[in-house]
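Trainee: The structure's right below; bear with me while I get my questions together.
The values are calculated or read from the model by the stated rules, or taken from the named source; none is laboratory data. From a predicted model like this one, the values you see are computed outputs, not experimental measurements. When we count neighbours, we look across all protein chains shown, and the Cβ atoms used for this are built from the backbone with ideal geometry, even at glycine.
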Ligand code: C2E
Ligand code: MG
Ligand code: MG
Ligand code: MG
């Protein structure tokens with residue numbers, strides 16, 4: 001029996017493996033159907049500037065699944081990547097984001113809001129990516145500087161010269177760029193200053209680690225790097241006042257995290273913006289209001 005169990009051909013029929021394989025195929029099938037039916041929507045998580053209040057949001061995809069309810073990216077992004085579908089998903093999100101920016105542009109109370117969109121490697125490196133983005137900007141009609149594309153370090157490293165060219169082409173039209181999850185990838189000072197970047201987004205893991213001396217040192221280093229390179233720095237995953245205070249002490253004044261608001265549907269986000277506009281900035285940052 002031992003001899004038989006060791007044979008490769010038998011492993012292929014392992015019922016556990018078979019279950020995984022068929023679950024994956026089912027998810028990919030479902031994703032195709034969901035994309036076709038346009039079941040994907042954006043949730044908006046506020047981005048807050050100490051001096052100006054809510055300055056925009058990150059667009060985070062959610063799947064309004066007809067049977068399983070609202071699903072978060074953790075449930076399906078990997079499947080979309082594996083199935084070669086993530087660029088179609090990202091394009092739908094980008095389209096929704098551009099439509100939203102156009103609606104915001106038509107209202108004085110929202111015209112200054114920016115929207116950050118996550119871009120995957122297959123989309124960035126797709127042949128007509130630059131043209132597609134510019135076409136979305138043109139057809140929707142909004143100020144391109146309100147659109148911020150979030151790229152990760154590993155995605156940039158796939159093909160730095162090509163990524164750089166594409167970014168520059170879009171940057172020339174005013175579109176902004178942020179490095180997402182900064183610090184978790186393989187960054188190098190030599191490429192950072194050559195890319196047309198606007199912002200570094202400190203990964204949540206470093207914010208959570210700030211309570212330790214090492215963690216705080218890393219956050220300080222990233223803030224200093226951003227300042228040296230003349231880039232904005234935004235902290236993601238900020239959950240507590242002490243975290244926010246420590247970040248402010250180190251020159252970081254842009255935040256995203258549960259302390260300021262969870263990702264929510266458009267109605268709730270716009271309500272949040274309206275409420276913040278009626279209050280002084282300090283209140284919307286979670287401090288007690290003056291009586
Ligand atoms: P990300 O781009 O780094 O987005 C931030 C994630 O952190 C979001 O999770 C957000 O809900 C969560 N978060 C924000 N503040 C806090 C906080 O204070 N505490 C904690 N514990 N979490 C916080 P979400 O929405 O589940 O998205 C997860 C990841 O999925 C995103 O990470 C991004 O990499 C990916 N993703 C989201 N939307 C898209 C999309 O349209 N396209 C692609 N390709 N990926 C997307
Ligand atoms: Mg992001
Ligand atoms: Mg992030
Ligand atoms: Mg992250």
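Trainee: Among the residues of the stretch 204-230, how many are surrounded by 20 or more Cβ atoms within 10 Å (Cβ to Cβ) and touching a helix residue (DSSP H, G or I) at 6+ places or on another chain (Cβ under 9 Å)?
Mentor: Summing the residues that are surrounded by 20 or more Cβ atoms within 10 Å (Cβ to Cβ) and touching a helix residue (DSSP H, G or I) at 6+ places or on another chain (Cβ under 9 Å) in the stretch 204-230 gives 5.
Trainee: Here is a further query. Among the residues of the stretch 137-178, which ones are in contact with a helix residue (DSSP H, G or I) (Cβ under 8 Å, 6 or more places away or on another chain), surrounded by 13 or more Cβ atoms within 10 Å (Cβ to Cβ) and assigned to a loop (DSSP other than H, G, I, E, B)?
Mentor: 142, 143, 173, 175
Trainee: Only one of (1) at pLDDT 95 or above; (2) within 27 Å of residue 46 (Cα to Cα) fails for residue 154. Which number is that?
Mentor: (1)
Rundown of residues vs (1) under 30 Å from residue 250 (Cβ atoms); (2) surrounded by 16 or more Cβ atoms within 10 Å (Cβ to Cβ); (3) within 16 Å of ligand 4 (Cβ to nearest atom); (4) at pLDDT 95 or above, yes/no style:
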site	(1), (2), (3), (4)
54	yes, yes, no, yes
57	yes, yes, yes, yes
60	yes, yes, yes, yes
69	no, no, no, yes
79	no, yes, no, yes
89	no, yes, no, yes
92	no, yes, no, yes
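Trainee: How many residues does the stretch 165-194 contain that are away from ligand 3 (no atom under 16 Å from the Cβ) and modelled with pLDDT of 95 or more?
Mentor: In the first step, residues of the stretch 165-194 are kept if they are away from ligand 3 (no atom under 16 Å from the Cβ); the result is 165-175, 186, 188-194.
Retained after the next criterion (residues that are modelled with pLDDT of 95 or more): 165-175.
Counting residues in the stretch 165-194 that are away from ligand 3 (no atom under 16 Å from the Cβ) and modelled with pLDDT of 95 or more gives 11.
Trainee: Of these, 167, 189, which one is away from ligand 4 (no atom under 15 Å from the Cβ) and under 15 Å from residue 117 (Cα atoms)?
Mentor: 167
Trainee: Specify which of the listed residues (228, 240) is out of contact with any strand residue (DSSP E or B) (no Cβ under 9 Å at 6 or more places or on another chain) and modelled with pLDDT of 95 or more. Quick ask: steps written out before the conclusion?
Mentor: Values: 228 fails: modelled with pLDDT of 95 or more.
Within the list 228, 240, the selection yields 240.
Trainee: Hey, residue 256 hits all of (1) more than 15 Å from ligand 1 (Cβ to nearest atom); (2) surrounded by 20 or more Cβ atoms within 10 Å (Cβ to Cβ); (3) more than 19 Å from residue 156 (Cβ to Cβ) but one; which does it fall short on?
Mentor: (1)
Trainee: Next question. Six or more apart or on different chains, Cβ under 8 Å: which pairs go from a residue in the stretch 183-198 that's free of Cβ contacts under 8 Å to residues at least 60 places away in the same chain to one that's assigned to a loop (DSSP other than H, G, I, E, B)? Could you list them?
Mentor: Going by the 8 Å Cβ cut-off, the qualifying pairs are 183/203; 184/203; 192/229; 193/229; 197/229; 197/231; 198/231.
Trainee: Right, another one. Looking only at the stretch 32-53, which residues are under 20 Å from the mean Cα position of the chain (by Cα) and in a helix (DSSP H, G or I)?
Mentor: The answer is 35, and nothing else.
Trainee: Moving on. Could you pull out the residue among 215, 174, 185, 209 that is closer than 15 Å to residue 237 by Cα and under 21 Å from the mean Cα position of the chain (by Cα)? So that I can check it myself, show each step before the final result.
Mentor: Working: 215 fails: under 21 Å from the mean Cα position of the chain (by Cα); 174 fails: closer than 15 Å to residue 237 by Cα; 185 fails: closer than 15 Å to residue 237 by Cα.
Criteria check complete, one pass: 209.
Trainee: Please specify each residue of the stretch 226-258 satisfying the condition of being within 16 Å of ligand 3 (Cβ to nearest atom) and within 22 Å of residue 195 (Cα to Cα).
Mentor: Narrowing the stretch 226-258 to residues within 16 Å of ligand 3 (Cβ to nearest atom): 226, 231-239, 243, 247, 252, 254-258.
Within the stretch 226-258, 226, 231, 232, 233, 234, 235, 236, 252, 254 meet the criteria.
Trainee: Step by step: first the residues of the stretch 74-123, then only those that are assigned to a loop (DSSP other than H, G, I, E, B) and within 15 Å of the chain's Cα centre (by Cα), then the one that is nearest to residue 48 (Cα to Cα). Which residue is that?
Mentor: In this case the residue turns out to be 119.
Trainee: Being closer than 24 Å to residue 45 by Cα, under 22 Å from the mean Cα position of the chain (by Cα), in contact (Cβ under 8 Å) with a residue 24 or more places away in the chain and within 16 Å of ligand 2 (Cβ to nearest atom) is the requirement here; does residue 244 meet it? I'd like the intermediate steps shown before the answer.
Mentor: Numbers: closer than 24 Å to residue 45 by Cα: yes; under 22 Å from the mean Cα position of the chain (by Cα): yes; in contact (Cβ under 8 Å) with a residue 24 or more places away in the chain: yes; within 16 Å of ligand 2 (Cβ to nearest atom): no.
When the stated conditions are applied, residue 244 does not pass them.
Trainee: Working only within the stretch 96-121, note down all residues that are within 16 Å of ligand 1 (Cβ to nearest atom) and either surrounded by fewer than 18 Cβ atoms within 10 Å (Cβ to Cβ) or more than 22 Å from residue 36 (Cα to Cα) (or both).
Mentor: 99, 101, 114, 115, 116
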